[in-house]
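Participant: Dropping a structure here in structure tokens format, bear with me for questions.
The values are calculated or read from the model by the stated rules, or taken from the named source; none is laboratory data. It should be emphasised that the depicted structure is a prediction, and the values quoted were computed from it without experimental measurement. Cβ atoms come from the backbone with ideal geometry, glycine included; neighbour counts cover every protein chain shown.
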Amino acid sequence: MSSAETEIILHNYPQSPVAEKVRVALGIKGFHWRAVEIPRIPPKPMLIKLTGGYRRTPVMQIGADIYCDSQHIIKELERRHPSPTFFPTKDKGLIWCLSRWTDTVLFDLCTKIVLGAAGDDLPADFAQDRGRLYFGADWQAGIKAAGANLPHLVSQIRAPLSWLDDQLSDGRTFLLGDSAAAIDAQIYFVVWFLRGRWEAGPALLSQFPALLRWEKNVKAIGHGQISEMSGEEAIARAAAYTPVSLDHSDRDDPQGLKTGMQVLISPDVDGGEQPVEGVIKALDAQTITLGHSHEDLGEICVHFPRAGYVVEA
Ligand SMILES: N[C@@H](CCC(=O)N[C@@H](CS)C(=O)NCC(=O)O)C(=O)O
């Protein structure tokens, strides 16, 4: 395979906390990777062309394979490049379970704090887009309620921050010991978000000295080596290659899903998002792959995690 065929391309923008999680993960692996800067708010025509409709950040592309969601991105990076591992202890399963909580409960709390505290200071187009994405149809009331409820929300994030401080208080470099693990990136991104985007974030974090030391250690990992790529080049890349061939089915799928079925996939939250339509190429308990064709791209595969996504036949 040519190096262009296997090169890691991350569609992201600098302010995205979930992209920061993946940038740190790429730093842990020490990769050289390509960054495509996508718009912070829709329209995102080039990204949508590649994903078939998924608009969230980040998205990873390798040739004609498109990986949606940081969960699947981290899993695929480990599959393709097992060393250095994201799982330096024997706790891989628990790390995935814990990461589901950081992606949902912890990240939701942070978005409520950041958007609730900013309230009327948010730019109107950004407030409307992220309000609908994170607070549902009645998003204006949701942002107001978060602002009014800020002390309670802060109490809910402060408890986990104190647990993390306990975990790190024996002087270890990373959460699981001397080696950085997926869970460092999977937790770091919320700390990065609180520090950078909420006025009172630095003061709250300063209550936790061991956490602050760890935060510096994770920051020092860096993001690997980045070189930029244009959206047009990424699209040409997808068109030039064929997706990795996957064709596994799952006899025990609880919904009776099988390869060859036409389905719609969307995040399992009320974010008002456009579903992705395609034909199932492969599926198992953790992932689902859709084949998708586009006149500018030819055949591509779009990969999603199962946890956190609704699949409708
Ligand atoms: N579960 C997704 C969540 C992704 C997510 O919500 N990302 C935020 C940015 S940090 C987003 O997409 N915001 C709207 C946007 O970028 O258009 C993942 O882990 O990748």
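Participant: Quick check on my filter: what residues within the stretch 197-227 are in the same structural domain as LEU168 (by TED's automatic domain parsing) and acidic (Asp, Glu)?
Facilitator: Scanning the stretch 197-227 gives a single hit, GLU199.
Participant: Has the stretch 64-78 got any residue that is farther than 24 Å from ILE265 by Cβ, over 16 Å from the mean Cα position of the chain (by Cα) and either crowded, with 18+ Cβ neighbours inside 10 Å or assigned by TED's automatic domain parsing to the domain that holds PHE193 (or both)?
Facilitator: Checking the stretch 64-78: not a single residue is farther than 24 Å from ILE265 by Cβ, over 16 Å from the mean Cα position of the chain (by Cα) and either crowded, with 18+ Cβ neighbours inside 10 Å or assigned by TED's automatic domain parsing to the domain that holds PHE193 (or both).
Participant: Which of the helices (runs of 4 or more DSSP H) contained wholly in the stretch 102-207 include at least 3 residues that are within 30 Å of LYS44 (Cα to Cα)?
Facilitator: Correct list: 107-118, 124-135, 139-148, 182-197.
Participant: I'd like to know if the stretch 168-190 contains one or more residues that are surrounded by 13 or more Cβ atoms within 10 Å (Cβ to Cβ), small (Gly, Ala, Ser) and within 16 Å of the ligand (Cβ to nearest atom).
Facilitator: Yes, the stretch 168-190 contains at least one residue that is surrounded by 13 or more Cβ atoms within 10 Å (Cβ to Cβ), small (Gly, Ala, Ser) and within 16 Å of the ligand (Cβ to nearest atom).
Participant: Can you find, within the stretch 228-273, the residue that is surrounded by the most Cβ atoms within 10 Å (Cβ to Cβ) among those that are out of contact with any Phe, Trp or Tyr (no Cβ under 8 Å at 6 or more places or on another chain) and among the hydroxyl-bearing types (Ser, Thr, Tyr)?
Facilitator: Among them, the one singled out is TYR241.
Participant: Looking at (1) in a helix (DSSP H, G or I); (2) of a type outside the set (A, V, I, L, M); (3) not assigned by TED's automatic domain parsing to the domain that holds GLU299, find the lone condition where ARG237 falls short.
Facilitator: That leaves (3) as the condition not met.
Participant: Could I ask something else about it? If you go through the stretch 19-38, how many residues are surrounded by fewer than 21 Cβ atoms within 10 Å (Cβ to Cβ) and in contact with a Phe, Trp or Tyr (Cβ under 7 Å, 6 or more places away or on another chain)?
Facilitator: The number of residues fulfilling the criteria is 1.
Participant: Are there any pairs with C-beta distances below 7 angstrom linking a residue in the stretch 1-14 that is farther than 19 Å from SER70 by Cβ to a residue that is among the acidic types (Asp, Glu) and loosely packed, with under 12 Cβ neighbours inside 10 Å, with the two at least 6 apart or on different chains, and if so which?
Facilitator: As it stands, the answer is none, since no pair meets every condition given.
Participant: Moving on to the next point. Mind checking which pairs have a first residue in the stretch 55-66 that is in contact (Cβ under 8 Å) with a residue 60 or more places away in the chain and a second that is of a type in the set (S, T, N, Q) and away from the ligand (no atom under 14 Å from the Cβ), Cβ under 6 Å, 6 or more apart or different chains?
Facilitator: That search, which allows pairs on different chains as well, returns ALA64/THR242.
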